[in-house]
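Accompanying notes for the structure given below.
Every read-out reported here was derived from the displayed coordinates using simple, explicitly stated rules and does not represent laboratory data. Everything quoted here is computed from the prediction, not taken from an experiment. As a convention, Cβ positions derive from the backbone with ideal geometry for all residues, glycine included, and neighbour counts pool all protein chains shown.
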């Protein structure tokens with residue numbers, strides 16, 4: 001049974017599923033390498049317009065596998081410091097792969113998102129949670145740092161610095177209801193409705209211009225990283241002009257509005 005499943009449940013929508021439910025989809029290297037490869041493959045599939053990322057079974061991703069971490073590839077001849085560095089780079093590359101995808105990524109958080117699983121969910125562009133979901137920055141509970149895989153960068157930008165400090169330093173669980181209230185997830189739904197809710201959001205996004213959606217994703221992340229409003233507005237303006245002047249999308253939107261029909265953006 002493959003550790004990562006790729007399906008296309010709706011037109012232009014790809015579902016990527018961590019498939020190790022007996023271990024709550026823990027981050028063994030045998031799982032993370034295929035996940036990174038799957039994300040890179042899907043990113044290059046130009047028929048895919050939105051990606052939904054979820055976990056099989058009762059958990060989204062339980063973080064580090066405490067029973068069997070699997071084998072780190074390409075470490076022959078390295079000493080322990082080198083192996084440790086390669087291990088972290090491999091896991092970091094999974095988060096970077098989510099961030100770098102051309103398509104918007106919706107994390108459908110179906111259960112526990114612990115440690116690295118919390119990081120993985122937070123790396124997605126959007127999050128919808130089942131009512132059974134919860135989040136925990138577990139490293140602090142294990143005598144380590146809760147700052148891993150980009151979480152200390154991503155979480156404050158998602159929910160604000162004060163809440164992020166409190167959640168990461170306390171190591172407590174953030175249940176689905178609180179996660180929605182503080183903006184960690186956009187909404188919560190019953191477990192049985194989680195994927196359908198994700199597909200509905202995806203279908204709405206699919207109806208827009210592909211290049212417009214990709215650039216909007218890039219501009220949103222760029223805004224979170226911008227060092228000044230002035231510079232970011234210049235980037236936004238260039239992106240808007242690029243789409244306006246190189247496509248007929250705007251003209252199609254005006255025509256469709258006059259004809260009382262949905263626009264068909266061909267970019």
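Data overview
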read-out: Inter-part distance where the range 244-267 and the range 205-232 are each reduced to a Cα centre, Å; value: 20 Å
read-out: Computed lengthening from residue 250 to residue 208, 0.36 nm per intervening residue step minus Cα-Cα distance; value: 14.0 nm
read-out: The chain - percent relative contact order, Cα under 8 Å, separation 6 or more; value: 15 percent
read-out: Order of 163, 266 - criterion: other Cβ atoms within 10 Å of each residue's Cβ, fewest first; value: 266, 163
read-out: Tensor-based shape of the range 210-258 (alpha-carbon gyration tensor, a/c under 1.5 rounded, otherwise prolate or oblate); value: prolate
read-out: Prolate/oblate/rounded call for the chain, Cα gyration tensor, a/c under 1.5 rounded; value: prolate
read-out: At R0 = 30 Å, FRET efficiency that the Cβ-Cβ distance of residue 142 and residue 100 yields, to 0.05; value: 0.55
read-out: Distance between the range 23-59 and the range 80-98 - C-alpha centres, whole angstrom; value: 16 Å
read-out: On Cα atoms only, tilt of 29-43 relative to the major axis of the chain in degrees; value: 10 degrees
read-out: Gyration tensor verdict on the range 119-195 (Cα atoms; rounded if a/c is under 1.5, prolate if a/b is larger than b/c, oblate otherwise); value: prolate
read-out: DSSP beta bridge pairing in the range 4-206, given as percent antiparallel to the nearest 5; value: 25 percent
read-out: Rounded to whole Å, sorted largest first: equivalent-ellipsoid semi-axes of the range 150-267, Cα gyration tensor; value: 34, 23, 9
read-out: Highest to lowest packing among 137-148, 233-244, 73-84, 254-265, scored as the average C-beta count within 10 Å; value: 137-148, 233-244, 254-265, 73-84
read-out: Potential extension, residue 44-residue 264 segment - 0.36 nm per residue separation minus Cα distance; value: 76.9 nm
read-out: Protection proxy ranking, peptides 168-175, 194-201, 11-18, average beta carbon neighbours within 10 Å, highest first; value: 11-18, 194-201, 168-175
read-out: Virtual spin-label span in nm between residue 257 and residue 30, 7 Å along Cα→Cβ; value: 5.6 nm
read-out: Helix 210-225 vs. the chain, principal-axis angle (Cα, 0 to 90°, nearest 10); value: 50 degrees
